[in-house]
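Peer 1: To start, I am sharing the structure in question, which I have written as structure tokens.
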Amino acid sequence: MIEIDEAKILSVRNDFPILSRSVYGKPLVYFDNAATTQKPRSVIDAISNYYLNDNANVHRGVHYLSQQATGAFENVRKKMAAFIHAGSASEIIFTRGATESINLVAWSYCESFLNAGDEIIISMLEHHSNIVPWQVACERKGAFIKMIPVTAEGELDIEVFKDLLNERTKMVAVSHISNTLGTINPIAEIVSLAHSKNVPVFIDGAQGLSHGPVDVQKIDCDFYAFSAHKMYGPMGIGGLYGKASWLEKMQPYQLGGEMIEKVTFEKTTYNEIPYKFEAGTPNVADVIGLGAAIDYLEELGWDFITAQEKDLLTYATDKLHTVVGLKILGTTARKASIISFLIEGIHFFDAGTIIDHMGIAIRTGSHCTQPLMDSLKINGTLRASMAFYNTRQEIDKLIETIQRVKNLFE
Ligand SMILES: Cc1ncc(COP(=O)(O)O)c(C=O)c1O
């Protein structure tokens, strides 16, 4: 049994100003953390402090402010590399988020390494962001998408994956954690199986970095995409870890300033990594905000975060099971604090709307995973996704509200 430190949770909640607001006159209960997490004051302050005191464009400026901004920007790259245990800061590329990171690899890698008749393996539970870029790359090159199916518990069917891997496979792209079912995929095993056939692996880590520590060298993945706004940082910034050996061989994704070494009208040569993949003025302020989010998470510590989220997941699962006619989708034991469910006889949209009017923010719909919904033969679910700042009392409120919704429809 995990010991929950109520005082610590209360003090952590105070770090997040938005958590003390109300909606529809009721205290906000925020259970939409898989869509985006709330931001601690330290992140908000870091961004505003940057614009108030330090704003300047980065790289190659000789003046004081530009050098200071460049130093702060590059420090976050180092911090991010250390946070996910990358071998070098040059393997961290800043992008607008996980979606842009996936597009970058799907374009740049596939441009050089995907040919007609090749195959890319993804899974049935991917977010649209980890489907469409690979699908379009395959259409462009005359290659094919292969799909790892999902078991009744919501796990990837690894036996089918082994059968799908073959000499035509040019990439395996799977998520670390399913944003819909919460399943934590066995990514190290997937990497090891793919590497045994010399196939690189791309991990969509959009949901990975908020729930636990990540060591990209231990996982041995070739690429890992992340989004700051899902890890208590700002929107509009994220990144890509890529092994230098791949990044150096890949085409630049966007073209313009910063990513060049030498430009003449006859020929342009490209900058070294990571700059080869960072065309144009970067989002410096939000990179600084990402740095503050990493500091915040490190100070809080993964032990607290994982213990608190495990407690919430267990508590919420047990309570939801007491509601007659409620079905949880995704029942694997390897699961993050994301719960999708349906209430018998009540459309998820109707239930979600009423729950929202009680001040509880949960998400309804397909969660950008339409192929998964099709495979489950449903149109959508209700999803409660919990973060370390949520409480058991908030879960009790959700359960009470679900009961009220059920009473309304009886
Ligand atoms: C698993 C997964 N992949 C990719 C994304 C896209 O991330 P972003 O919108 O931050 O680019 C999300 C966002 O919900 C996600 O949950």
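Every number in this text was worked out from the coordinates using simple rules, so none of it is lab data. Since we're looking at a predicted model, the values are computed, not measured. A quick note on method: Cβ atoms are made from the backbone with ideal geometry, for glycine too, and the neighbour counts reach across all protein chains shown.
Peer 1: If you restrict to DSSP beta bridges whose two residues both lie in the chain, what percentage is antiparallel, to the nearest 5?
Peer 2: Antiparallel: roughly 60 percent of the beta bridges in the chain.
Peer 1: Turning to a different aspect of this structure: Aspartates and glutamates within cross-link reach of residue 39: Cα-Cα under 14 Å, excluding same-chain residues under 8 positions apart?
Peer 2: By straight Cα distance, residue 39 reaches 15, 286, 295.
Peer 1: Beta carbons within 10 angstrom, averaged per residue: use that to sort the peptides 285-296, 17-28, highest first. Before the final figure, lay out each step's value.
Peer 2: Numbers: 285-296: 24.2, 17-28: 12.2.
Top to bottom by mean Cβ count within 10 Å: 285-296, 17-28.
Peer 1: Among 29-38, 142-151, what's the highest-first ranking by average C-beta atoms within 10 angstrom per residue?
Peer 2: 29-38, 142-151
Peer 1: Separation of segment 149-219 and segment 1-58 by C-alpha centroid, Å?
Peer 2: Segment 149-219 and segment 1-58 have Cα centres separated by 31 Å.
Peer 1: I've got another one for you. In the P(r) worked out for the chain, what percent of Cα pairs fall beyond 33 Å?
Peer 2: Result: 36 percent of Cα pairs exceed 33 Å.
Peer 1: Report the far tail of the P(r) of segment 169-277, meaning the percent of Cα-Cα pairs longer than 19 Å.
Peer 2: Counting every Cα pair in segment 169-277, those more than 19 Å apart make up 53 percent.
Peer 1: A further question follows. Just list whichever of 79/310; 146/377; 141/170 have alpha carbons separated by over 22 Å in the model shown.
Peer 2: Flagged as over cut-off: 79/310.
Peer 1: Only Lys, Arg, Asp and Glu count, each charged at its Cβ (+1, +1, -1, -1), so figure out the dipole size of segment 202-358 about its Cα centre, rounded to 20 debye.
Peer 2: Roughly 400 debye for segment 202-358.
Peer 1: Could you name the aspartates and glutamates whose alpha carbon sits less than 12 Å from that of residue 406, not counting residues in the same chain fewer than 8 places away?
Peer 2: 344, 350
Peer 1: Rounding to the nearest 10 and keeping the result within 0 to 90°, find how far the Cα-based axis of helix 64-83 lies from the longest principal axis of the chain.
Peer 2: Approximately 60 degrees, to the nearest ten.
Peer 1: Among 285, 340, 85, which residue has its Cα furthest toward the positive end of the charge dipole of the chain, with +1 on Lys/Arg Cβ and -1 on Asp/Glu Cβ?
Peer 2: In the chain, that residue is 285.
Peer 1: Which value at 222 nm does the chain reach when only helices count, each DSSP H run of 4 or more adding -39,500 (n - 2.57), with the total divided by all residues and rounded to the nearest 500 deg cm²/dmol?
Peer 2: -12000 deg cm²/dmol
Peer 1: Rounding to the nearest 10 and keeping the result within 0 to 90°, find how far the Cα-based axis of helix 284-300 lies from the longest principal axis of the chain.
Peer 2: 50
Peer 1: Suppose the chain between residue 52 and residue 357 were pulled fully straight at 0.36 nm per residue; how much longer would it get relative to their current alpha carbon spacing? Kindly include the intermediate steps, with their values, before the conclusion.
Peer 2: Working: separation 305, 0.36 × 305 = 109.80 nm, distance 3.75 nm.
Here the answer is 106.1 nm.
Peer 1: What size of dipole, in debye to the nearest 20, comes out for the chain about its Cα centre when the only charges are +1 on Lys and Arg C-beta atoms and -1 on Asp and Glu C-beta atoms?
Peer 2: Charge dipole, the chain, about its Cα centre: 460 debye, nearest 20.
Peer 1: OK, next. Most fluctuating residue of 366, 178, 112 in a GNM of the chain with Cα springs under 10 Å: which is it?
Peer 2: 112
Peer 1: Would you mind computing Rg(Cα) / (2.2 N^0.38 Å) for segment 269-410, counting N as its residues?
Peer 2: 1.36
Peer 1: Could you pull out the trypsin sites (Lys or Arg not before Pro) across segment 171-269 that fall in loop regions by DSSP (anything but H, G, I, E, B) with no more than 12 other Cβ atoms inside 10 Å?
Peer 2: Filter output for segment 171-269: 197, 249, 267.
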